[in-house]
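Read through the structure below, which is laid out as structure tokens, and then see the notes.
The values are calculated or read from the model by the stated rules, or taken from the named source; none is laboratory data. Model, not experiment: these values are computed from the prediction. Here the Cβ positions follow ideal geometry from the backbone for every residue, glycine too, while neighbour counts run over all protein chains shown. The accessibility values were calculated without ligands, DNA or RNA, using every heavy atom of the protein model including side chains. Shrake-Rupley method; radii C 1.70, N 1.55, O 1.52, S 1.80 Å.
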Amino acid sequence: RQVAAQLGHVAARERLVDELTRSQSQLAEAQAIARVGSWDIRLEPYESTWSVQLYELLGVDPATFVPGLEEFLECVVESDRPLLTETWEEIVLSQVERSVDVRIRRPDGEERWVRAVGRVLEWAPDGAALRVSGTVQDIQELKESELQLRDAVELNTLMQFVATTVNETNTLDETLARTRELLLAPP
């Protein structure tokens, strides 16, 4: 009987390990398809873990790159770092999820837009954040479309100014002067 019970426990453990392995594989595949990586930071004592996909997004080697907030900050384009730091401070002080769009620079020099999202998962009795978790998603194509749309809107606005001034003036010089006035006028 005892041997049968032990065999049953071994079989149950093997099923759990198989299920966990399958679940981890599905998560990794879903993250790869969505171009999103996940991270988790325990603040006391400090410990940071990243998903394989986050290393992939940043173009760093998980065997040699040490994961962490400061290390991620180093991957962010310098001019975007203050925004990321400000958002991190908002995350650890609030019970609300926060997100920020920043540019990263991969080791090969390529710059890409990413959206970092985070929230506190565990709080200490004194209200201090203990554990923070979140995701980083590659949004390069979305940002490019957004910037193209913004350019199109600005061009359309300029064309409307020119069309308006053409109707109000008699010469090209007058049109250009009036368009300049309209564009430089305070809002």
So if we plug the beta-carbon distance of Thr169 and Lys143 into 1/(1 + (r/R0)^6) with R0 = 35 Å, what FRET efficiency do we get, rounded to 0.05?
0.35
For a protection proxy built on the mean count of beta-carbon atoms within 10 angstrom, sort 53-60, 67-74 highest first, please.
53-60, 67-74
Counting only heavy atoms of protein chains, what accessible area per residue, in Å², does segment 59-187 have with a probe of 1.4 Å?
66 Å²
Could you rank the peptides 167-175, 106-114 by their average count of other C-beta atoms within 10 Å per residue, with the highest value first?
106-114, 167-175
Of the heavy-atom accessible surface of segment 76-185 (probe 1.4 angstrom), what whole percent is carbon and sulfur?
52 percent
Sort 39-49, 130-140 by the packing proxy (mean of other Cβ within 10 Å over each peptide's residues), most packed first.
130-140, 39-49
